[in-house]
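Each remark here refers to the structure printed beneath this line.
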Amino acid sequence: MRLFEAAHIFKHDWETVSLANWRKYPNEQTPHVRHVEILNQDMDPETGILRTERLIMVQQPVPALVRRVFGGDASYVLEYSEVDPQKKTLVMQSQNLTYSNLLSVGEHIVFQPHTENPSHTLFTQSAQLKASGALFRLANKIEDMCWNRFNDNAKVGKLGLEQVLSKILAERQAMMQTSQ
Amino acid sequence: SIDSKCTPLKREFDACFTWWYSEKFLKGEKTNDCEQLFKAYQACLKTVLHEKGLDKMIDDARPSIGSPFTGSGQK
């Protein structure tokens, strides 16, 4: 099993970063994310918590070994998230649907105000990658390759979110100018 | 959308959702402005998910991510 961890501070408030999360795709930084569908969504009338289930389709070139073992380069991921507007937390958990008998990738993400500077947002990400024992001596190599790809995707994912944040900022400035 | 026939419905819902999220939800207003658009989009998705055989995979993965939802596109 391989573990992945990353953290980043976005220099925008939590409300803006959580909005950027919903507006993230499609994004030219993350062409591997092909489709994102909202399967289910509801809001608890008491707590105001927004619960969302999304289906994400990912496709990107993969090393020949991975393609051979998995039989393809496209996969579906299921994501469940909760946004608590009072506590200012966006928590997401996702799991791969495709190839799940060969490799399990579970990812946990949290967006919350940065404790040292509440006008900024702390992003924390952790993931577990576990290849099936049925892969025998290939299991470690597959885990390594998938961890490397996960790491690459995490980097461009962060760039993608920064790009959306810049766009939101530009839209707000444009709106302020037109209303003057 | 994973099926182009759902793309127009998805676009309409997405536009409504991002507006609702910043103008209502984040401001503490508990309205349900996008409900009709979501239902139309969900209905289209439901048939696509079934055609692609994704229903069972989705249901099987739900416990691992703590999703409270059941069925495909139903509350």
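Tabulated data for the structure shown
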item	result
Taking the convex hull of Cα positions in the protein assembly as shown, its mean projected area over all directions (nm²)	14.5 nm²
Nitroxide proxy distance, nm - points 7 Å out along Cα→Cβ at B:THR47 and A:GLN180	5.1 nm
Proximal aspartates and glutamates relative to B:LYS39, as straight alpha-carbon distance under 17 Å, when same-chain residues fewer than 8 apart are discounted	A:GLU37, A:ASP42, A:GLU53, B:ASP3, B:GLU12, B:ASP14
Chain B shape via C-alpha gyration tensor axes, a/c threshold 1.5	oblate
Calculated FRET efficiency for the pair B:ASP33/A:ARG172, C-beta based, R₀ 25 Å, to 0.05	0.75
Alpha-carbon centroid distance for the pair segment A:1-60 / segment B:1-60, whole angstrom	14 Å
Cα-based reach from A:LYS24 at 16 Å (exclusive), listing lysines while leaving out same-chain residues under 8 positions away	A:LYS155, A:LYS158, A:LYS167, B:LYS10
Estimated FRET transfer efficiency when R0 is 35 angstrom, pair A:GLN59-B:LYS24 (beta carbons, to 0.05)	0.55
Computed lengthening from A:HIS8 to A:THR47, 0.36 nm per intervening residue step minus Cα-Cα distance	11.2 nm
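No lab work stands behind these numbers, since they all come straight from the coordinates. Everything quoted here is computed from the prediction, not taken from an experiment. Every residue, glycine as well, gets a Cβ built from its backbone with ideal geometry; the counts of neighbours run over all protein chains shown.
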